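Engineer: Sharing a structure below in structure tokens format, with a few things to ask.
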Amino acid sequence: MPSPVILNVHNEDTFGYPLLRIVGTAEGSSTVVVQQNNNQCTNWPVVDKYFKALVLLHVGENVVNITGDASEESTSITCIYKPEILSTQCGPHKVKLFYYVASDSDGKFQAPKGTDNSLESAIKRVGFSGLLMQTFCAFDMQQNGYEHKTFDLEMKIENDVPEPVVHVFKSKYDTKTIYSWGNDWTDGGIIGYDKIWHDINDQGMHEETTIRLVIIGSTFYNGKTVVAQTALGGGNQGMFGSGALHTWASGINDVQSCWTNETRIPKTLLDDSCNRGTYWANYATGLGASMHEIGHCFGLVHTKNGIMARGFDNFNRFFLIKEPGMNNACIEDDEGGAFWHSDSAKELNESLYFANAKFGQGTELVLSRREKVVEKCIEPEGFNTYWIKEIGWFRKQGYDWFEYTKDGDMFCSFEEVSRDDGEQSVLIFDSSREMYIKISADKAEWRLSNNNQWNYLSSGSWKN
């Protein structure tokens with residue numbers, strides 16, 4: 001059989017980020033072995049002749065050999081990693097990772113018995129998630145027809161080996177206090193977002209040009225309700241709970257097993273997988289939702305499909321050649337919603353946080369992807385700005401609404417569902433939190449999509 005063919009990376013390509021997703025074909029093989037610098041070897045399955053593999057580059061030249069189990073010869077390419085490529089272009093605009101720990105906590109996260117849930121394990125899982133998101137952005141931006149653009153992730157380099165920096169942030173609040181926020185977090189995380197944002201800023205960690213992803217280490221599920229768990233993003237902070245962090249990979253060596261682990265989530269642990277109920281699905285939804293919330297920080301609004309819709313549930317398919325239960329290879333349309341909608345990619349192409357991170361001779365093969373045709377919005381009239389205390393909602397265009405603080409920081413977006421001119425009320429929906437907000441002439445109320453009970457939020461008024 002012929003040697004493997006690499007479709008999306010070329011010999012002597014130079015990259016500004018370290019984690020590569022290599023897509024290729026290996027006719028007749030069921031597995032490919034990837035060896036880097038005559039050292040570490042990893043195995044990756046082949047489905048319908050296609051494979052996907054991850055390689056963590058070291059600073060400088062990296063020789064990557066790929067061999068199929070039915071190949072007569074291996075394929076070898078040299079890839080170069082230069083971290084200064086992104087830092088030079090992005091300047092002070094950077095993404096940083098945070099693990100938020102209560103003042104009385106040792107940093108352990110909720111996990112099944114026998115799973116390493118130490119602080120050190122959390123750091124590895126959060127750090128690797130940052131690498132995956134950076135890689136996704138780079139390759140998918142090129143899939144959208146732009147340069148190989150991604151964000152600059154804060155890194156440390158030791159002996160030419162890159163490692164994402166994860167800031168372990170010790171809160172000034174204890175566990176009991178964190179659990180009590182927002183009426184035990186039944187507000188969808190609005191109060192928790194504000195408390196954590198100010199807590200980090202008040203301890204000198206605020207930087208105007210830094211976007212931070214905060215994973216809340218205090219998440220706890222008692223079998224019925226969960227606290228300190230949310231998906232929320234905007235302004236300079238994206239936030240996600242650690243309820244399913246035990247399903248996340250800590251590196252290349254276990255990412256394949258984590259995204260194919262069909263073990264059912266026990267009833268004593270949180271299932272945040274869009275009702276799919278498995279370890280792999282919780283990992284896919286959790287990491288995809290984190291990318292979604294960081295997308296809001298980049299200024300992105302909800303879209304009809306892709307990562308800024310519920311496409312983030314398919315985030316695993318971007319890196320995986322076969323999802324459990326699927327018959328086909330995860331190529332082209334079978335990657336599901338794991339892509340930036342063209343509107344999102346257009347915004348990211350202009351973002352100060354994104355820069356071209358690949359230089360080389362070859363032109364990457366662009367696989368086809370179809371987006372649903374969306375009809376143009378008819379602009380609704382009247383009732384476009386509403387304020388309660390320190391929070392306001394503003395309709396920017398069409399049916400897109402944004403939630404702002406008095407300081408002008410946007411921290412989430414909504415889609416208008418309906419409006420009643422007689423009652424002067426508008427119903428808006430945040431798909432990332434599955435939350436409805438009803439704003440009317442004198443008050444704002446909220447409810448979650450799985451509960452029909454409306455909850456009073458605050459008095460307010462229209463400011464048109």
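The values are calculated or read from the model by the stated rules, or taken from the named source; none is laboratory data. In this text, all values refer to a predicted model and were calculated from it rather than measured experimentally. Using ideal geometry, Cβ is built from the backbone for each residue, glycine included, and neighbour counts are taken over all protein chains shown.
Engineer: Quick check: is even one residue across segment 393-403 at pLDDT below 70, farther than 30 Å from Thr135 by Cβ and among the hydroxyl-bearing types (Ser, Thr, Tyr)?
Structural biologist: no
Engineer: Name the residue that is modelled with the highest pLDDT, counting only residues in segment 173-201 that are assigned to a loop (DSSP other than H, G, I, E, B) and buried (at least 18 other Cβ atoms within 10 Å of the Cβ).
Structural biologist: Within segment 173-201, the match that is modelled with the highest pLDDT is Tyr173.
Engineer: Only strands (runs of 3 or more DSSP E) wholly contained in segment 101-165 count here; list those with 2 or more residues that are under 24 Å from His296 (Cβ atoms) and in contact with a helix residue (DSSP H, G or I) (Cβ under 7 Å, 6 or more places away or on another chain).
Structural biologist: 149-151
Engineer: Return the total of residues in segment 262-309 being in a loop (DSSP other than H, G, I, E, B), in contact with a strand residue (DSSP E or B) (Cβ under 7 Å, 6 or more places away or on another chain) and of a type outside the set (A, V, I, L, M, F, W, C).
Structural biologist: Result for segment 262-309: 4.
Engineer: Any residue at all in segment 154-171 that's under 27 Å from Gly337 (Cβ atoms), under 15 Å from the mean Cα position of the chain (by Cα) and not basic (Lys, Arg)?
Structural biologist: So far as segment 154-171 goes, no, none of its residues is under 27 Å from Gly337 (Cβ atoms), under 15 Å from the mean Cα position of the chain (by Cα) and not basic (Lys, Arg).
Engineer: I'd like to know if segment 67-81 contains one or more residues that are surrounded by fewer than 16 Cβ atoms within 10 Å (Cβ to Cβ) and closer than 25 Å to Lys124 by Cβ.
Structural biologist: Scanning segment 67-81 turns up no residue that is surrounded by fewer than 16 Cβ atoms within 10 Å (Cβ to Cβ) and closer than 25 Å to Lys124 by Cβ.
Engineer: Collect the residues in segment 36-90 that are of a type outside the set (A, V, I, L, M), under 16 Å from Asn11 (Cβ atoms), part of a strand (DSSP E or B) and over 24 Å from the mean Cα position of the chain (by Cα), keeping them in residue-number order.
Structural biologist: Scanning segment 36-90 gives Gln36, Gly60, Glu61, Asn62, Asn65, Thr75, Ser76, Thr78, Cys79.
Engineer: Moving on to the next point. Please list, ordered by first then second residue, the pairs with beta carbon atoms under 6 Å, 6 or more apart or interchain, first in segment 187-214 and outside the structural domain of Phe414 (by TED's automatic domain parsing) and small (Gly, Ala, Ser), second part of a helix (DSSP H, G or I) and surrounded by fewer than 20 Cβ atoms within 10 Å (Cβ to Cβ).
Structural biologist: Gly192/Gly182
Residues checked against (1) aliphatic (A, V, I, L, M); (2) in contact with a helix residue (DSSP H, G or I) (Cβ under 8 Å, 6 or more places away or on another chain); (3) at pLDDT below 95; (4) buried (at least 21 other Cβ atoms within 10 Å of the Cβ):
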| residue | (1), (2), (3), (4) |
| --- | --- |
| Asp254 | no, no, no, no |
| Thr260 | no, yes, no, no |
| Thr268 | no, no, no, no |
| Ala281 | yes, yes, no, yes |
| Gly286 | no, yes, no, yes |
| Met291 | yes, yes, no, yes |
| Gly295 | no, yes, no, yes |
